[in-house]
1. Out of the residues in segment 84-119 that are of a type in the set (V, I, T) and part of a helix (DSSP H, G or I), which is surrounded by the most Cβ atoms within 10 Å (Cβ to Cβ)?
2. Check segment 51-59 and report whether any residue there is surrounded by fewer than 16 Cβ atoms within 10 Å (Cβ to Cβ) and either in contact with a strand residue (DSSP E or B) (Cβ under 6 Å, 6 or more places away or on another chain) or among the charged types (D, E, K, R) (or both).
3. Report, by residue number, each residue of segment 134-155 that is crowded, with 18+ Cβ neighbours inside 10 Å, out of contact with any Ser or Thr (no Cβ under 7 Å at 6 or more places or on another chain) and touching a residue at least 60 places away in the same chain (Cβ under 8 Å).
4. What's the number of the condition E25 fails, among (1) within 15 Å of ligand 1 (Cβ to nearest atom); (2) touching a residue at least 24 places away in the same chain (Cβ under 8 Å); (3) surrounded by 17 or more Cβ atoms within 10 Å (Cβ to Cβ); (4) more than 20 Å from G121 (Cβ to Cβ)?
5. Among the residues of segment 60-83, which ones are surrounded by fewer than 19 Cβ atoms within 10 Å (Cβ to Cβ), within 16 Å of ligand 1 (Cβ to nearest atom) and of a type in the set (A, V, I, L, M)?
6. Quick one: A16 ticks every box in (1) more than 16 Å from ligand 3 (Cβ to nearest atom); (2) closer than 27 Å to E139 by Cβ; (3) hydrophobic (A, V, I, L, M, F, W, C); (4) in contact (Cβ under 8 Å) with a residue 24 or more places away in the chain except a single one, so which number is it?
7. Please determine, by comparing only the residues of segment 54-66 that are in contact (Cβ under 8 Å) with a residue 40 or more places away in the chain and in a helix (DSSP H, G or I), which one is nearest to the chain's Cα centre (by Cα).
8. For G81, are the conditions met, namely being part of a helix (DSSP H, G or I), free of Cβ contacts under 8 Å to residues at least 40 places away in the same chain, closer than 29 Å to G189 by Cβ and not hydroxyl-bearing (S, T, Y)?
Amino acid sequence: MVLDAAWAVKWLNLCAEAMAEHRVELIELDRAIGDSDHGENMDRGFQAVVAKLGEGTPETPGAAMKLTAMTLMSKVGGAAGPLYGTAFLRAATSLGDSAEVDPGAWAEALAAARDGIVARGKAEPGDKTMVDAWTPAVEAARAAADGGGADLMAVLVAAAEAAEAGAVATDPLVARKGRASYLGERSAGHRDPGAVSSALILRAAVGAAA
Ligand code: ADP
Ligand code: MG
Ligand code: MG
C-alpha cells in the first residue's frame, strides 16, 4: 500500500461520503451547543471538494490537500471553514511535492494541521474544540511512526482512534472557544461537533488505504 495521489483523492471522496452520512448527527450536536449548521457546512464543503477533484486529478497528495484547503475556505464559512482550510493548507505545505506519504510524513502533516488550527483559533487542549481530536491524533501518530519502519496502516489507525477517543472525551468539558463557549457550564454534557467531524476525516484516511 502506498499513500499517493490516488489514495488522497479516495480519502477526500470518503470524507465527503462521511459528511453526508453523518450530516444529521453533526447538525444535532451543533444544535445542542451551537447554531445547528456544522453538518450542513461540512457536507456542502466536501461536496464542493469532490466537484473540484472531478475537474482534474491532482498529481500529489499535497496538491489534493491544497485544493481541499482552498475549497473548504471558500465554501464552508463559519468557524470551521477557515480552521479546516488552514489545517489542510498547512498539511499540504508539510507534505510538499512528495509523490508518496510515509508514516513519519503523515504524523508531521497532522502536526502541521493541528498547529494551523491552533494558530488560527487560539484554542488549547481541553477547550472543547476540534483541537481535542487533533492533539491526541498527532501524539498517537507520532508514537506509532516513531523510530521508522512503522506500518503505514498502523499509523493511520492510531491517529483515527485517538481522534475518536478525543472527540468522546469532549463530552464533560466546558467550552472555552467558539460559539459553544457562550453557553458556559451548560456546554458540558455534549460532544463537540468539530471534534467529531475531525475524527471522521481521520477515519476516512484509514478507509482510503484499506
Ligand atoms: P460556527 O460555530 O461558526 O457555526 P461550525 O458549526 O461549522 O461553525 O463549527 C463549529 C466547530 O468549530 C466547533 O464544534 C469547534 O470544534 C470548532 N471551533 C470553533 N471555534 C474554534 C476555535 N477557536 N479553535 C478551534 N476550533 C474551534
Ligand atoms: Mg455551527
Ligand atoms: Mg454557524
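1. Ranking the qualifying residues of segment 84-119, first place goes to I117.
2. Looking through segment 51-59, at least one residue is surrounded by fewer than 16 Cβ atoms within 10 Å (Cβ to Cβ) and either in contact with a strand residue (DSSP E or B) (Cβ under 6 Å, 6 or more places away or on another chain) or among the charged types (D, E, K, R) (or both).
3. A137, L152
4. Condition not satisfied by E25: (3).
5. M73
6. (2)
7. Going residue by residue through segment 54-66, those that are in contact (Cβ under 8 Å) with a residue 40 or more places away in the chain are 57-61, 63-65.
Now narrow it down to the ones that are in a helix (DSSP H, G or I): 61, 63-65.
Working: P61: 15, A63: 17, A64: 14, M65: 11 Å.
Out of the qualifying residues, it is M65.
8. So G81 does not fit the description; no.
Every number in this text was worked out from the coordinates using simple rules, so none of it is lab data. Since the model is a prediction, treat every value here as computed from it, not as a measurement. With ideal geometry, Cβ positions are generated from the backbone for all residues, glycine too; neighbour counts draw on all protein chains shown.
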